[in-house]
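Report on one structure; see the data block that follows.
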Amino acid sequence: MLSVKLEGGGKKFQREWIFRNLNLDITVGKKTAIIGSNGSGKSTLLKCLSSQMPLTEGKLSFTQFNKNILEEDIYKHLTISAPYLEFPEELSLKEFLNFHFRFKNLIKGIDIPQLIEIMYLENSLNKPLSYFSSGMKQRLKLGICFFSDAPLLLLDEPTSNLDERGINWYRDLMQKYCSEKCVLIASNDKREFDFCENIISIEDYKLKRTL
Ligand SMILES: Nc1ncnc2c1ncn2[C@@H]1O[C@H](COP(=O)(O)OP(=O)(O)OP(=O)(O)O)[C@@H](O)[C@H]1O
């Protein structure tokens, strides 16, 4: 049972505070959306929460079964999908999935052939990822997030490049497979987050500036 706690979180680039005095308490089974206009800091917050980027101030803690997880180990417990993340394009789908699932386990009850079918990519098994369309790549990003056995799921603009069928697919998987995960979604599109219990507007944490 994982929980993520941010106390007094703040991030500053040069002289500009992107967010400040942000408190978050995220536990399994609760989904949180981070909303805000373009450039407001949603991706920056997700990068800080996944420890890809340090906070300027505040305390971030991760607890599982009452034990603290070190910040440098949090990557083992999370999966992230974001527009800026890139695939090793020279690998085929089959090679990439075999590679990825050497480092992360699949959730119980699903194997790689089933995952490929769920992502409706079964006709592209040996195709290099460089030949994948943007929607196919997005389904692959989300598929490995939903089906990796990791309790923290961070999604940045999860339906970007998805068509209507893909958006419904995303919503369906979220409902079926994420009830036991901590889910954080950075988004501007209601269809990506209208099922979330908590909605945080990052704009509310931009007010305080250094003098
Ligand atoms: N490494 C960096 N150095 C300096 N400024 C940065 C850096 N990364 C992001 N920023 C700035 O921080 C602000 C927030 O950017 P961020 O990408 O987090 O916004 P966002 O809410 O995710 O935007 P969008 O909805 O357009 O994806 C922007 O003004 C951006 O230019």
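So the values come out like this:
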item	result
Spacing of the two label points (7 Å from each Cα toward its C-beta) at Lys76 and Asn38, in nm	4.1
Label-to-label distance, nm, for residues given as Gln64 and Asp25 (7 Å Cα→Cβ offset)	2.2
Tensor-based shape of segment 34-93 (alpha-carbon gyration tensor, a/c under 1.5 rounded, otherwise prolate or oblate)	oblate
Sites Met1 and Ile199, calculated FRET efficiency, Cβ-Cβ separation with R0 22 Å, nearest 0.05	0.45
Beta bridges per DSSP with both ends in segment 2-205, % antiparallel, nearest 5	55
Expected 222 nm ellipticity per residue - DSSP helices of 4 or more, -39500 (n - 2.57), all of the chain, to 500	-8000 deg cm²/dmol
Computed label-point distance, nm, for sites Phe99 and Lys190 using a 7 Å Cα→Cβ extension	4.0
Hydrodynamic radius of the chain per Kirkwood, over alpha carbon pairs, in Å	17.9
Accessible surface of segment 105-211 [probe 1.4 Å, protein heavy atoms]: carbon and sulfur percent	46
Exceeding the 21 Å Cα-Cα cut-off - candidates Lys11/Lys67; Lys5/Lys76; Lys5/Lys31; Lys42/Lys176	Lys11/Lys67; Lys42/Lys176
Average accessible surface area per residue within the chain, 1.4 Å rolling probe, Å²	53
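The values are calculated or read from the model by the stated rules, or taken from the named source; none is laboratory data. In this text the structure is predicted, and so the values were computed from the model without any measurement. Cβ coordinates were reconstructed from backbone atoms using ideal geometry, including for glycine residues, and neighbour counts include every protein chain displayed. Heads up: the accessible areas ignore ligands, DNA and RNA and are worked out on the full protein's heavy atoms, side chains in. Shrake-Rupley method; radii C 1.70, N 1.55, O 1.52, S 1.80 Å.
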